[in-house]
Amino acid sequence: MLGRTFAAAPDPELARVAFSRVGDDAAARATLARPEITDVAARLLGFSTAATDFLVAHPGEVETLADVGRRSGGALRAEVAADVDRLGPTAGLRRFRRRAMLRVAARDLAGAALEDVVAEISGVADACIAEALALTPGGDLLTAIALGKLGGFELNYASDVDLLFVHREPGPGAQEAAVHAVAAFTAMLAEPTAEGVALRVDIALRPGGRSGALSRSLDATLAYYERESATWERQAMIKARPVAGSAELGAGFLEGVERFVYPPELAPAAIDDVRRTKVRLEEYIRQRGKEFIEVKRGRGGIRDVEFAVQLLQIVHGRRDARLRTPNTLAALRALALEGYVADADAEALADAYRFLRMVEHRLQIVRDLQTHDLPPDRHARTTLARSLGLADADELAARYEATTGLVRSIHERLFYRPMLEAFAGPTQPTHGTDRAATEELLGGLGFAEPARSYEVLGRLVDPARRVGKVLAHLFPVMAPALALAPAPDAALVRLERVADAVGDERAIADLLASDPVAARRLAHVAGASSFATDLLVADPSRIRGFSDSLLGAETDPAGDLVDAVARTAGRELTPRETGEALGAVAVRVIREAVAAAEPDLPFAVIGMGKLGARELNVASDLDLLFVYEGEGAAAMKRAGAFAEQVMRGIREAGWEPDADLRPEGRNGPLARSIAGYLEYWERYAETWEFQSLLRARAVAGDPDLGRRFELNAADFAYPPDGLTIDRVADIRHMRERIERERVKPPEAAKFHFKLGIGSLADVQFAVEVSLMRHGGAHPEIRSRRTLEAIDRLAAARFLPGSVALDLGEAFVFCTDVKNALEMDRRLHAEAVPPAPADQTALARRLGYEEYPRQSFIDDYLRVTRRARRAMERVFSEEHA
């Protein structure tokens, strides 16, 4: 009989082992055998090792599985009070919480509705908080305000519990007493013991964040939200709910804070801040390779639903109090009922949200851990699928992919489609509620001049033109990139310029209509880059390069450059991929210039610096050397003329060549024979010149000659016996001299990401000195590319792991900063702009949301300090 019972469990073998473990206790074994308990226990213990561990530690609790029905709030409070009376506060709170989660998980696995599950999990937390606050000396001074999922009655099994505390009286004495009370309360619930924690309490959402006071008086708290709070802090108040302590004080807080959450007029930056918060989360997840496996913050995940709902609440809840509910599903129902979301979209989004939350719950039931990632191995995914009533891992994958795809598509169009309704009729309205509502939404989405942008939008989607009809259809796909641009109004104008240039070219309009990816990349270009927009206006056929379906089709190099900019602006490319894409365009330009020069002797172009390393930035120069095969003045003269012609061709294509790394610099001949290079390196070259050869790569011209140059350069770049102490000192002195002479004033080094403290130069010098030390004897570590070289050096143990991590993080971080600054006008950037407003714009462009400028500065200083220490460690130690 048990065999059939175990077979129905998510993991039959796990159920069998769990029954054996719990059944070591005779009383527990007898309880497990009772018919009303066996099936419930098999489902639970055949999935949750945390439940098994709890019952092994407390076999008497097996009786809990006899009745797993939902408890009311009053019943939960009575239960926790009884446990505290019996076991004491610390043990009682923890025992209650684990028993209650056992009950809820058992009911959940039996198919309980999501709303039922999250409501009781939230009720359990409410009961713990109320009991702990009542037991805390001075707790009667406070009210506890729940935020986040607890505030919305939608807590998950392993959620942090977000709380904010307010006390009655102002003044130093009351402040000190309240702070002590909050600290004692938090320790009672969150201090780890052998039984774990009762709740993971997080009070970081309080005014001032982690540096703010643990509690503030009501007046001080409301003053903070009026004068100092950021958009994300006010957004968090959507879910505020008094959960314990003084009910009167809690009601006063809600009444006072509501005017800041739903102000009479919405600041233009407010919705922009909300969207940027979402973008930052997406980027964080994407960089960690979790975009398609994290249920919470991944593409089409839980956060997509929550942010969609909250954004609409912020925009429309100011005028419609019926939308002001902290619960996601309740808010979605209200949005549909009041006509802000189509019924079909609301229903689809609600069903998807329930499924995703169920998946999240199953992941956390297993070990009672905060996890949101789909398991990597097939067996675990099959077990997860069975716990959800699905057949196997394949059915789970198909359901998950379909659900997240649906969520993402609704998320992308939910805010932008309503803007077009004003233009849906035969004529574009100029007065009335349609225009007013559209301008309001434009303002909410970050457009500084909604009236002007309304006019531009009307022209852009004019149905009299085919391109207008296409853009009207595609606008929900393109709008996020425009609204997230540093200057949304300017982005919309740039898109109009491109549309005007397309005019009646049916082929381009049809391409956009058939390829939403190409349309989205066009929007990213318009949002991010004036120079790239100018290239599209000059030749709209370059839009063809945005289409993956035309990959490999013949386009001009300028079109390839615009495509690389589009992908970088759209965060489709990492810094490494950006460098590759830009490098590929540059190499094509160089090769076409060489072909146009038609050299009549063996002639090759060598890429140096970032070109050689495939690490170009948007505004990089192209560092080049020219080499030829031949002897005598005539050959040198001809080769020099070819080199000059190549340089002209590169400039005409919009790039800036730089040949200053050649022997003798600007005083030396532009082209030199291979024999001349060898003679110079053997007799005259300085250490820094050998260092530069680490990145030498033949990019155009005679392939055999280019390969010979690379091999000879490597012989000098990688000394067979490594670097002498004197050579290391030479390189170190060169690094110091560059910073001293080229970063002015000296204090500017703090934020000079190219040459200053912890900059790209620090990373480059640390990596290159390590390569020169060890690359001669270990050819397998050689690489022209910075991140690849770091990986190889770390794998070979020539760099400690912490040093490699710090150098790699700084390279990616500083490269992102450089690309973000250079994107618009393709002008060189070497330092963080000094003006606070420009720093804020940069931070937002990089996706920072909470205190964007300060968060960016904090990260910048942290990353660069670590990189400087890592560089100094490389120079001071010999890592064998």
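Okay, here's what the table says:
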read-out: Of all residues making up region 8-21, the number that are crowded, with 23+ Cβ neighbours inside 10 Å and in a helix (DSSP H, G or I); value: 3
read-out: Among (1) buried (at least 18 other Cβ atoms within 10 Å of the Cβ); (2) under 27 Å from Pro575 (Cβ atoms), the one test that Leu705 misses; value: (2)
read-out: Residues of region 177-198 that turn out to be among the hydrophobic types (A, V, I, L, M, F, W, C) and surrounded by fewer than 24 Cβ atoms within 10 Å (Cβ to Cβ), as a count; value: 10
read-out: Candidate set: region 869-879, residues that are surrounded by fewer than 20 Cβ atoms within 10 Å (Cβ to Cβ) and in a helix (DSSP H, G or I); chosen: the one modelled with the lowest pLDDT; value: Ser876
read-out: In region 595-634, the residues that are small (Gly, Ala, Ser), surrounded by 17 or more Cβ atoms within 10 Å (Cβ to Cβ) and in a helix (DSSP H, G or I); value: Ala597, Gly609, Gly612
read-out: Evaluation of Asp858 against (1) at pLDDT below 95; (2) out of contact with any Lys or Arg (no Cβ under 7 Å at 6 or more places or on another chain); (3) closer than 24 Å to Thr568 by Cβ (one fails), failing number; value: (3)
read-out: Test: residue in region 807-822 that is in contact (Cβ under 8 Å) with a residue 40 or more places away in the chain and part of a loop (DSSP other than H, G, I, E, B); value: no
read-out: When residues of region 580-594 are limited to those that are in contact with a helix residue (DSSP H, G or I) (Cβ under 9 Å, 6 or more places away or on another chain) and in contact (Cβ under 8 Å) with a residue 40 or more places away in the chain, the one surrounded by the most Cβ atoms within 10 Å (Cβ to Cβ); value: Ala586
read-out: Unique residue being over 38 Å from the mean Cα position of the chain (by Cα), assigned to a helix (DSSP H, G or I) and more than 19 Å from Arg782 (Cα to Cα) when the list is Asp715, Asp730; value: Asp730
read-out: Listing of helices (runs of 4 or more DSSP H) fully contained in region 360-463 that carry 2 or more residues being modelled with pLDDT under 80, farther than 24 Å from Ala526 by Cα and over 29 Å from the mean Cα position of the chain (by Cα); value: 433-444
read-out: Selected residue (only one of Leu799, Leu827 is assigned to a loop (DSSP other than H, G, I, E, B) and either surrounded by 23 or more Cβ atoms within 10 Å (Cβ to Cβ) or free of Cβ contacts under 8 Å to residues at least 40 places away in the same chain (or both)); value: Leu799
read-out: Matching residues in region 327-359 - criterion: being open to solvent by 30 Å² or more (accessible area, probe 1.4 Å) and not in a helix (DSSP H, G or I); value: Asn327, Glu338, Gly339, Tyr340, Ala342
read-out: Asp838 being open to solvent by 40 Å² or more (accessible area, probe 1.4 Å), free of Cβ contacts under 8 Å to residues at least 12 places away in the same chain and under 26 Å from Asp621 (Cα atoms); value: yes
read-out: Search result, residues across region 139-168 that are under 24 Å from the mean Cα position of the chain (by Cα) and under 23 Å from Tyr225 (Cβ atoms); value: Leu147, Gly148, Lys149, Asp160, Val161, Asp162
read-out: Hey, Arg737 part of a helix (DSSP H, G or I) and either surrounded by fewer than 24 Cβ atoms within 10 Å (Cβ to Cβ) or touching a Phe, Trp or Tyr at 6+ places or on another chain (Cβ under 9 Å) (or both) or not; value: yes
read-out: Residue ID - nearest to Lys610 (Cα to Cα), chosen from residues in region 693-731 that are charged (D, E, K, R) and free of Cβ contacts under 8 Å to residues at least 12 places away in the same chain; value: Arg707
read-out: Single unsatisfied condition, His778 versus (1) open to solvent by 60 Å² or more (accessible area, probe 1.4 Å); (2) under 26 Å from Glu689 (Cβ atoms); (3) out of contact with any Lys or Arg (no Cβ under 8 Å at 6 or more places or on another chain); (4) touching a residue at least 40 places away in the same chain (Cβ under 8 Å); value: (4)
read-out: Check on Val646, in contact with a strand residue (DSSP E or B) (Cβ under 7 Å, 6 or more places away or on another chain) and either over 16 Å from Ile606 (Cβ atoms) or open to solvent by less than 80 Å² (accessible area, probe 1.4 Å) (or both); value: yes
read-out: Checklist (1) surrounded by fewer than 18 Cβ atoms within 10 Å (Cβ to Cβ); (2) within 17 Å of the chain's Cα centre (by Cα) applied to Ala843, failing item; value: (1)
read-out: Ala671 being open to solvent by less than 20 Å² (accessible area, probe 1.4 Å), in contact with a strand residue (DSSP E or B) (Cβ under 9 Å, 6 or more places away or on another chain) and not polar (S, T, N, Q); value: yes
read-out: Qualifying residues in region 294-305 (those that are open to solvent by 10 Å² or more (accessible area, probe 1.4 Å) and in contact with a Phe, Trp or Tyr (Cβ under 9 Å, 6 or more places away or on another chain)) - the one farthest from Thr438 (Cα to Cα); value: Arg297
read-out: Residue in region 629-648 that is within 27 Å of Glu679 (Cα to Cα), in contact (Cβ under 8 Å) with a residue 60 or more places away in the chain and in contact with a Pro (Cβ under 7 Å, 6 or more places away or on another chain) present; value: yes
read-out: The listed residue being open to solvent by 20 Å² or more (accessible area, probe 1.4 Å), in contact with a strand residue (DSSP E or B) (Cβ under 8 Å, 6 or more places away or on another chain) and on the phi < 0 side of the Ramachandran plot, out of Ala213, Ala174; value: Ala174
read-out: Odd one out for Ala100, checked against (1) within 38 Å of the chain's Cα centre (by Cα); (2) at positive phi; value: (2)
read-out: Search result, residues across region 450-479 that are out of contact with any Asp or Glu (no Cβ under 9 Å at 6 or more places or on another chain), open to solvent by 50 Å² or more (accessible area, probe 1.4 Å) and of a type outside the set (Asp, Glu); value: Pro463, Ala464, His473
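Residue by residue, here is whether (1) touching a His at 6+ places or on another chain (Cβ under 6 Å); (2) of a type in the set (Val, Ile, Thr); (3) without any contact (Cβ under 8 Å) to a residue 12 or more places away in the chain; (4) not in a helix (DSSP H, G or I) holds:
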{"residue": "Pro170", "(1), (2), (3), (4)": "no, no, no, yes"}
{"residue": "Val179", "(1), (2), (3), (4)": "no, yes, no, no"}
{"residue": "Leu189", "(1), (2), (3), (4)": "no, no, no, no"}
{"residue": "Glu226", "(1), (2), (3), (4)": "no, no, no, no"}
{"residue": "Val257", "(1), (2), (3), (4)": "no, yes, no, no"}
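The values are calculated or read from the model by the stated rules, or taken from the named source; none is laboratory data. Not measured: the values here are computed from a predicted model. Please note: Cβ atoms are built from the backbone with ideal geometry, for glycine as well, and neighbour counts cover all protein chains shown. Accessible surface is based on the protein model in full, side chains and every heavy atom, while ligands, DNA and RNA are left aside. Shrake-Rupley method; radii C 1.70, N 1.55, O 1.52, S 1.80 Å.
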